[in-house]
Amino acid sequence: MKPVRTVLCYVVLVLSSTVLLACGSKVGSTKSANSQVSAVENTFNQSCVSCHLSGMAGAPRKGDTAEWARRLQAKGMPALIDSVKQGMGAMPPMGMCSECDDETIEQLIVYMSK
């Protein structure tokens, strides 16, 4: 009975390892897709959260889809990007993200609008 038990343990170990390896490769394939989101979220948390989470000084709040849709409809993305670069209301030029380029600003606007 002991040899059967040992073989059974090896089979379980091999199957478990195979499942874990399959899970690990699946996580690795989605990591690059999530890294883009994480970079935008990280920039938001470093540069935008203090005003755009609470709506301080009239800043459109993150997740206020109606307000962001209204602004995007009224101005369009290029004008919103220019507003960020030039400053608007209490927001200084470039907001709090002096290293952001136009693409990053657009990604931040899209992130905040959801």
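So here's what we get for this one:
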{"item": "Of all residues making up segment 47-63, the number that are surrounded by fewer than 15 Cβ atoms within 10 Å (Cβ to Cβ) and closer than 23 Å to residue 35 by Cα", "result": "2"}
{"item": "Qualifying positions in segment 64-87 - open to solvent by less than 40 Å² (accessible area, probe 1.4 Å) and either in a loop (DSSP other than H, G, I, E, B) or among the hydroxyl-bearing types (Ser, Thr, Tyr) (or both)", "result": "76, 83, 87"}
{"item": "Selection count, segment 88-114, where residues are in contact (Cβ under 8 Å) with a residue 12 or more places away in the chain, open to solvent by less than 50 Å² (accessible area, probe 1.4 Å) and assigned to a loop (DSSP other than H, G, I, E, B)", "result": "4"}
{"item": "Set 63, 58: member being out of contact with any Lys or Arg (no Cβ under 8 Å at 6 or more places or on another chain) and of a type outside the set (A, V, I, L, M, F, W, C)", "result": "58"}
{"item": "First in segment 62-73 and among the charged types (D, E, K, R), second anywhere and assigned to a helix (DSSP H, G or I) and surrounded by 15 or more Cβ atoms within 10 Å (Cβ to Cβ), Cβ under 6 Å, 6 or more apart", "result": "62/52; 62/112"}
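The values are calculated or read from the model by the stated rules, or taken from the named source; none is laboratory data. None of these values were measured; they are calculated from a predicted model. Glycine gets a Cβ as well: all are built from the backbone with ideal geometry, and neighbour counts include every protein chain shown. Remember, those area values only see protein heavy atoms, side chains included, never the ligands or the DNA or RNA. Shrake-Rupley method; radii C 1.70, N 1.55, O 1.52, S 1.80 Å.
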